[in-house]
Amino acid sequence: MSVYLRVIMIISAVLLLVFMIRRIRQSRLKIQYSIFWIAFSSILVCMGVFPKLFYFLSELLGFQAPINMIYIVIIFVLIVKLFLLSIQISYLENKVDSLVQWIAIDKKLDEEGDRDVCIGNQDKKPGKTA
């Protein structure tokens, strides 16, 4: 790996790490989501600082080139993350649907309750007592 590429990778990973920490402090990103990105950027920093480790791992696992292993691992991790986010989105959509149905039922009951009160008041004529 060239020195130029290593420097770019380290700078990019550090900037990503700083960006995530700022978002956490500003409360714009939940900690559970940011842990993934902090770990991801930390691994990128390790890749830039210790490239021989990834050469060793790729040789140990039987990859022809370290970049092939890196691409496969990154793609795998991002696919797993995408799947987990899809599960969470599906769960939240179900909750929103239930909430909308509950609000619609509550609103309908309130309207019917107001109508019953109005109808009940119209039956009574002024001056007459029941």
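The values are calculated or read from the model by the stated rules, or taken from the named source; none is laboratory data. Everything quoted here is computed from the prediction, not taken from an experiment. Every residue, glycine among them, receives a Cβ derived from its backbone with ideal geometry; neighbour counts consider all protein chains shown.
Brief remarks follow.
- Counting the residues of the range 1-19 that are surrounded by 12 or more Cβ atoms within 10 Å (Cβ to Cβ) and closer than 27 Å to residue 68 by Cα gives 11.
- Top-ranked residue in the range 42-56 [being of a type in the set (Val, Ile, Thr) and touching a helix residue (DSSP H, G or I) at 6+ places or on another chain (Cβ under 7 Å); ranked as nearest to residue 74 (Cα to Cα)]: 45
- The residue that is modelled with the lowest pLDDT, among those in the range 24-51 that are among the charged types (D, E, K, R) and assigned to a loop (DSSP other than H, G, I, E, B), is 28.
- Residue match in the range 112-127 (condition: at pLDDT below 90, of a type in the set (Lys, Arg), farther than 30 Å from residue 54 by Cα and not in a helix (DSSP H, G or I)): yes
- Yes/no for residue 76 being within 30 Å of residue 4 (Cβ to Cβ), part of a helix (DSSP H, G or I) and modelled with pLDDT of 90 or more: yes
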